[in-house]
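What follows is a single structure, and I will ask about it in a moment.
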Amino acid sequence: MKAEQDGDRLEDDSQQENGASTNHYSSISPPASPMVLDEPFSTYFEERVPIPENTNQMFSFRKLWAFTGPGFLMSIAYLDPGNIESDLQSGAKAGFKLLWVLLGATIIGLLLQRLAARLGVVTGMHLAEVCNRQYPTVPRIILWLMVELAIIGSDMQEVIGCAIAFNLLSAGKIPLWAGVLITITDTFVFLFLDKYGLRKLEAFFGVLITIMAISFGYEYVLVKPDQGELLKGMFLPYCANCGPAQLQQAVGIVGAVIMPHNIYLHSALVKSREVDRRKKEDVKEANKYFFIESTIALFISFLINVFVVAVFAQAFYDKTNMEVNAECNATGSAHTDLFPLNNETLQVDIYKGGVVLGCFFGPAALYIWAIGILAAGQSSTMTGTYSGQFVMEGFLNLKWSRFARVLLTRSIAITPTLLVAIFQDVQHLTGMNDFLNVLQSMQLPFALIPILTFTSLTSLMNDFANGL
């Protein structure tokens, strides 16, 4: 118990002394006399998960289970409605040809998430807190604004995705703006689930990921994609006969997969585990298990993304509006007017994607698709709000109440989303999502430069600094 208290004091000391050298708070060896502070250290969450005592085994499933959670919450950002829309458009516009971009982006994302987790474990601070201590005021404010812009763009896609899912599930009876208001309300409710225990919150996210896997896996089995073409597209970097639309889609895939605010989020989530940072072996062990957990989580998210790309690549690549219109007419769909009688290539988004699945594969395909989108939207809006709170608290050093922080971060992102929902039709949101995915790509340097810089500093990371 005394060791835990000393560790807490050391981490508090690192958070309080803004002007001090960074070396002491990332030190692995204990200080001679840690400062005793009035306030105990706490993460954003109100509890920390204990790690089982050391065993002589090289690998322990009990320890992996104790470290499991942060990586799956992080992986939600790889499964948000913006990702799903990017996936389905990639399949519809380029077939299987851009799967290698998705694979490459996921691998790069894993490496960056590993750096984020390592920074949080070694220093006891998340990326926004380190930026606060390392950067002067002007670049720090610019960084904060850029990350907030990325969060707003992502949140717009997530909330609109939920609203579209409500619209599809209610057969159009719930308009877009009403779906946004429902999402805002239930997100507030779900955000306070961690009051019942951090592990219960993480289990809830696990359930939502499972719903997504079952929903999109069902569509994959239903459509039966060509496995040879799928493997060729995944492992052979090519894009024959690709034009500007496919190039924009490739850039959008990178922005949809590697989200800048997710790097800030992951570096904060790992602080929810009890790791004695004064012991090098404990820090090394935590880094190892967090990396294993992140790899498993991102592999699952990659499979779910592949399900969506493959479904639309197999069923709707090179389809024309005329063909889809005829199929929807034949099945008595109420959404035939979405597809004009011309030979232009089919343009799909989350909404139209559900409709065409319903036309070609029956109403069950539409409703299961909507359930998957709803799970993706609900989970990602919650993790997006956590990101906003970590970023705002870290960069601005806010000491507000929990409810005030949630209200402010929600309001910043929700206001533009509500305006879009009121003034834009549910059937015409494709252009906005394309733009927001490319915007995410443009925001990446504002997370990449800090995380690469800080994890390479020996003064900050000691023996855990990046090698060449």
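The values are calculated or read from the model by the stated rules, or taken from the named source; none is laboratory data. Every value quoted in this text rests on a predicted model; they were computed, and no experiment measured them. Heads up, the Cβs are rebuilt from the backbone with ideal geometry, glycines too, and the neighbour counts pull from every protein chain shown.
Kindly evaluate Ser170 against the criterion of being within 16 Å of Met74 (Cα to Cα), out of contact with any strand residue (DSSP E or B) (no Cβ under 8 Å at 6 or more places or on another chain) and among the small types (Gly, Ala, Ser).
Values: within 16 Å of Met74 (Cα to Cα): no; out of contact with any strand residue (DSSP E or B) (no Cβ under 8 Å at 6 or more places or on another chain): yes; among the small types (Gly, Ala, Ser): yes.
So Ser170 does not fit the description; no.
Can you go through Asp318, Asp337 and tell me which one is farther than 17 Å from Leu222 by Cβ, not in a helix (DSSP H, G or I) and not small (Gly, Ala, Ser)?
On the way: Asp337 fails: not in a helix (DSSP H, G or I).
Just a single option satisfies the conditions, and that option is Asp318.
Please work out which one of (1) β-branched (Val, Ile, Thr); (2) loosely packed, with under 13 Cβ neighbours inside 10 Å; (3) touching a helix residue (DSSP H, G or I) at 6+ places or on another chain (Cβ under 6 Å) is the condition Thr381 fails and give its number.
(2)
Does region 130-163 hold any residues that are crowded, with 20+ Cβ neighbours inside 10 Å and without any contact (Cβ under 8 Å) to a residue 12 or more places away in the chain, and which are they?
none
Of the conditions (1) in a helix (DSSP H, G or I); (2) aromatic (Phe, Trp, Tyr); (3) over 20 Å from the mean Cα position of the chain (by Cα); (4) more than 21 Å from Leu79 (Cα to Cα), Tyr238 satisfies every one except a single condition; which number is it?
(1)
Please pick out the residue among Tyr238, Tyr196 that is loosely packed, with under 14 Cβ neighbours inside 10 Å, farther than 27 Å from Gly71 by Cα and aromatic (Phe, Trp, Tyr).
Details: Tyr196 fails: farther than 27 Å from Gly71 by Cα.
From the options Tyr238, Tyr196, the qualifying one is Tyr238.
In the list Phe312, Phe299, which residue meets the criterion of being under 16 Å from Phe361 (Cα atoms), among the aromatic types (Phe, Trp, Tyr) and part of a helix (DSSP H, G or I)?
On the way: Phe299 fails: under 16 Å from Phe361 (Cα atoms).
Among Phe312, Phe299, only Phe312 is under 16 Å from Phe361 (Cα atoms), among the aromatic types (Phe, Trp, Tyr) and part of a helix (DSSP H, G or I).
One residue is enough: does region 289-299 have a residue meeting the conditions out of contact with any strand residue (DSSP E or B) (no Cβ under 6 Å at 6 or more places or on another chain), at pLDDT below 95 and among the small types (Gly, Ala, Ser)?
Scanning region 289-299 turns up no residue that is out of contact with any strand residue (DSSP E or B) (no Cβ under 6 Å at 6 or more places or on another chain), at pLDDT below 95 and among the small types (Gly, Ala, Ser).
Of the residues that make up region 242-260, is at least one modelled with pLDDT of 90 or more, under 27 Å from Ala376 (Cβ atoms) and touching a Ser or Thr at 6+ places or on another chain (Cβ under 9 Å)?
Kept after step one, since they are modelled with pLDDT of 90 or more, are these residues of region 242-260: none.
No, region 242-260 contains no residue that is modelled with pLDDT of 90 or more, under 27 Å from Ala376 (Cβ atoms) and touching a Ser or Thr at 6+ places or on another chain (Cβ under 9 Å).
Would you say Ile296 is farther than 20 Å from Thr381 by Cα, β-branched (Val, Ile, Thr) and touching a helix residue (DSSP H, G or I) at 6+ places or on another chain (Cβ under 9 Å)? Before you say what the answer is, go through the steps one by one.
Numbers: farther than 20 Å from Thr381 by Cα: yes; β-branched (Val, Ile, Thr): yes; touching a helix residue (DSSP H, G or I) at 6+ places or on another chain (Cβ under 9 Å): yes.
Yes: the conditions hold for Ile296.
Answer yes or no as to whether Phe166 is touching a residue at least 40 places away in the same chain (Cβ under 8 Å), over 25 Å from Ser294 (Cβ atoms) and surrounded by fewer than 18 Cβ atoms within 10 Å (Cβ to Cβ). Walk me through it before giving the result.
On the way: touching a residue at least 40 places away in the same chain (Cβ under 8 Å): yes; over 25 Å from Ser294 (Cβ atoms): yes; surrounded by fewer than 18 Cβ atoms within 10 Å (Cβ to Cβ): no.
It is false that Phe166 is touching a residue at least 40 places away in the same chain (Cβ under 8 Å), over 25 Å from Ser294 (Cβ atoms) and surrounded by fewer than 18 Cβ atoms within 10 Å (Cβ to Cβ).
Would you point out the residue of region 290-302, among those that are farther than 20 Å from Ala268 by Cα and not β-branched (Val, Ile, Thr), that is surrounded by the most Cβ atoms within 10 Å (Cβ to Cβ)?
Step one: of region 290-302, the residues farther than 20 Å from Ala268 by Cα are 299-302.
Of the ones still in play, those that are also not β-branched (Val, Ile, Thr) are 299, 301-302.
Working: Phe299: 12, Ser301: 24, Phe302: 22.
Applying the filter and picking the extreme gives Ser301.
In addition: Scan region 303-316 and report the pairs whose first residue is in contact (Cβ under 8 Å) with a residue 40 or more places away in the chain and crowded, with 24+ Cβ neighbours inside 10 Å and whose second residue is of a type outside the set (A, V, I, L, M) and not in a helix (DSSP H, G or I), with Cβ atoms within less than 6 Å and a gap of 6+ or a chain change.
Ala310/Pro225; Ala313/Gly95; Ala313/Phe96
To continue, here is another question. I'm told Asn343 meets every condition in (1) at pLDDT below 90; (2) touching a Ser or Thr at 6+ places or on another chain (Cβ under 9 Å); (3) surrounded by fewer than 22 Cβ atoms within 10 Å (Cβ to Cβ); (4) part of a helix (DSSP H, G or I) except one. Can you identify the failing condition by its number?
(4)
A follow-up question, please. Return yes when Ala178 is in a helix (DSSP H, G or I) and either without any contact (Cβ under 8 Å) to a residue 40 or more places away in the chain or aromatic (Phe, Trp, Tyr) (or both) and no when it is not.
Working: in a helix (DSSP H, G or I): yes; either without any contact (Cβ under 8 Å) to a residue 40 or more places away in the chain or aromatic (Phe, Trp, Tyr) (or both): yes.
Yes, satisfied.
Yes/no per residue for (1) of a type in the set (A, V, I, L, M, F, W, C); (2) over 17 Å from Ile414 (Cβ atoms):
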{"position": "Ala150", "(1), (2)": "yes, no"}
{"position": "Gly153", "(1), (2)": "no, no"}
{"position": "Gly179", "(1), (2)": "no, no"}
{"position": "Tyr196", "(1), (2)": "no, yes"}
{"position": "Ile209", "(1), (2)": "yes, yes"}
